[in-house]
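Heads up, the thing below is written out as structure tokens.
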Amino acid sequence: MAQKQDKNVRSFGLIGRNISYSFSVGYFTEKFQKEEISDCTYENFDLQDISEFPKLIQSKPNLIGLNVTIPYKEQVIPYLDELHETAAEICAVNTIKITSEGNIIGYNTDYYGFQKSIEPYLKPTHKQALILGTGGASKAVAYALKKLQINAVFVSRNNLQNGLTYSDLTKDIVDSNLLIINCTPLGTFPNVENKPDFPYQFLTPKHLLYDLIYNPGETAFLKMGKTKGASICNGLEMLVHQAEKAWEIWES
């Protein structure tokens, strides 16, 4: 249970590791200014280990809500008092609400943000997808694709019980999965040359490549798709949609 006390200023923030690149502080600071919300602040809480989470909660008695990013979307769950049913089904949390009673509740708004952002790009041919990566964000993406009735398979560097490794990816597999989603952090600023070990030579103009990364706006992964004529989309709109959904939760 988090300790609460009366404060004039409501505190919000982002927890993750090495998150100076994050979009969230700028987004919410601008939102508060634009909407003349004068009693709220938003800041980064850079945790080197998730075990620092309880100390953060205790040290910020006016904390109302948190966003959660890499690598803590799954690791934070044992520290929560309650999981919203969607977050429980996804097994990942990217939004936390601390109630007036001090209960710490985990939610997932990533799936909503992803679904809203990808829908304008989808075509009837996008019936099967490859999800690159197996972290918390990838689980939210899989949940959203299921809601969109798109069959998805996880791709990892390691062997998966119901997935593929990058070395398994043949031309036939790439041809039959016209939606490719990068859920790994590979290519995030400042390591902008990095990209998943994907067989890019098999991509075609029929493919849609989606990268959850938004900094840079066009990752090495997306650039490789672009050279093959594929449609591309980064994760900025996803972030906006998930952030607004998180704000709805905090204000409810």
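The values are calculated or read from the model by the stated rules, or taken from the named source; none is laboratory data. This is a predicted model, so every value here is computed, not measured. With ideal geometry, Cβ positions are generated from the backbone for all residues, glycine too; neighbour counts draw on all protein chains shown.
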Per the list (1) surrounded by fewer than 21 Cβ atoms within 10 Å (Cβ to Cβ); (2) touching a residue at least 40 places away in the same chain (Cβ under 8 Å); (3) out of contact with any helix residue (DSSP H, G or I) (no Cβ under 9 Å at 6 or more places or on another chain), residue check on N177 breaks on (1)
Of the residues in the range 202-226, those that are part of a helix (DSSP H, G or I) and either touching a residue at least 24 places away in the same chain (Cβ under 8 Å) or crowded, with 16+ Cβ neighbours inside 10 Å (or both) come to F202, A220, F221, L222, K223, M224, G225
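Select the helices (runs of 4 or more DSSP H) contained entirely in the range 64-149, then report the ones holding at least 2 residues which are more than 24 Å from Y166 (Cα to Cα) and acidic (D, E). Even if it seems obvious, please write down each step before you answer.
Numbers: elements: 85-90, 110-118, 136-147.
Hits in the range 64-149: 85-90.
Regarding the range 61-72, can at least one residue be identified that is among the polar types (S, T, N, Q), out of contact with any strand residue (DSSP E or B) (no Cβ under 6 Å at 6 or more places or on another chain) and either at pLDDT below 95 or not assigned by TED's automatic domain parsing to the domain that holds K139 (or both)? Break it down stepwise before answering.
To start, the set of residues in the range 61-72 that are among the polar types (S, T, N, Q) comprises 62, 67, 69.
In the following step, the residues that additionally are out of contact with any strand residue (DSSP E or B) (no Cβ under 6 Å at 6 or more places or on another chain) were identified as none.
No, the range 61-72 contains no residue that is among the polar types (S, T, N, Q), out of contact with any strand residue (DSSP E or B) (no Cβ under 6 Å at 6 or more places or on another chain) and either at pLDDT below 95 or not assigned by TED's automatic domain parsing to the domain that holds K139 (or both).
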Worksheet item: Quick one: is K195 loosely packed, with under 13 Cβ neighbours inside 10 Å, assigned by TED's automatic domain parsing to the domain that holds F221 and either among the charged types (D, E, K, R) or touching a His at 6+ places or on another chain (Cβ under 9 Å) (or both)?
Response: no
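State yes or no: is K97 at pLDDT 95 or above, in the same structural domain as R157 (by TED's automatic domain parsing) and within 14 Å of A246 (Cβ to Cβ)?
Values: at pLDDT 95 or above: yes; in the same structural domain as R157 (by TED's automatic domain parsing): no; within 14 Å of A246 (Cβ to Cβ): yes.
Considered against the rule, which asks whether it is at pLDDT 95 or above, in the same structural domain as R157 (by TED's automatic domain parsing) and within 14 Å of A246 (Cβ to Cβ), K97 comes out as no.
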